[in-house]
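Below: one structure, written as structure tokens.
Read-outs: derived from the displayed coordinates by stated rules, not from any lab. Just so you know, these numbers come straight off a predicted model, no measurement behind them. Don't worry about glycine lacking a Cβ; one is built from the backbone with ideal geometry, like all the others, and counts go over all protein chains shown.
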Amino acid sequence: MTPNILILAAGSSSRMRGADKLLEVVEGAPLLRRVAGVALATGCPVTLVLAADRPARRAALDGLDVASVTATEATEGMAASLVAGVQSLPEGSAVLLLLSDLPLIDTPDLTAVIAASAADPACVWRGADPDGTPGHPVLFPADLRGELLGLTGDEGARWVLARHAARVRLVTLPQGHATTDLDTPEAWAAWRAGGTAP
């Protein structure tokens, strides 16, 4: 079954000191638009969870065939955004959870995770670096929808991953694709300079 891709993009970007990391330009486009385009290229339905107070993010998606949900309780933590997004998806569908601040993620990464799930849909499939460090995306089977909807606070889906650790399988992605996220101006500057982001 084709999963629904859910992109969480309602965070405050607070460590950017006034800038918005999701609007940083990567490969000629705002990061948020680039990640949405990468997701669309899989052929899967794509939904983004956005914050009401970030109109520039919505504008960055103009013209893309994506659905969007407003996370009215986004300030309560990542779980609120995740729950708002999952509630909007069809019941019975698997969910490919993707963070919006991964500048290296690409369509082959997502299709690799989707293909792994197609071969063994009972598992939770998670992108990882070659050294085994887990990251994103994470594909949750449909039977875990109820647990995702029960999340609270700022833990995201970690609780569900921990509870079902025996079902988690890693998909090795190119170095940094699953784990590189840039939360500060210094991290962005270091990354663009080709160094290691702090």
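Points to keep in mind about this one:
- Close amide H contacts of Val26 (hydrogens built in the peptide plane, cut-off under 5 Å, sequence separation of 5 or more or a different chain): Leu31.
- Cβ-placed point charges (K, R +1; D, E -1), dipole of the chain about Cα centre in debye, nearest 20: 20
- Length released on extending from Thr107 to Val168, taking residue separation times 0.36 nm less the Cα-Cα span: 19.8 nm
- Potential lengthening of the chain between Arg192 and Val25 amounts to 59.1 nm, from the contour at 0.36 nm per residue minus the alpha-carbon distance.
- 3J(HN,Hα) along segment 152-169, derived from phi through the Karplus expression 6.51 cos²θ - 1.76 cosθ + 1.60 where θ = phi - 60°, amounts to 9, x, 10, 8, x, 9, 4, 4, 5, 4, 5, 5, 10, 4, 5, 9, 7, 10 Hz, with x in place of Gly and Pro.
- From phi via Karplus (6.51, -1.76, 1.60), per-residue ³J(HN,Hα) for segment 126-139 in Hz, x at Gly/Pro: 9, x, 8, 6, x, 7, x, 5, x, x, 10, x, 10, 9
- Over the chain: helical MRE at 222 nm, DSSP H runs n ≥ 4 each giving -39500 (n - 2.57), nearest 500: -8000 deg cm²/dmol
- Within segment 129-148, backbone nitrogen closer than 20 Å to the virtual label 7 Å beyond the Cα of Asp120 toward Cβ: 129-145
- Ranking of Trp188, Trp125 by count of other Cβ atoms within 10 Å, fewest first: Trp188, Trp125
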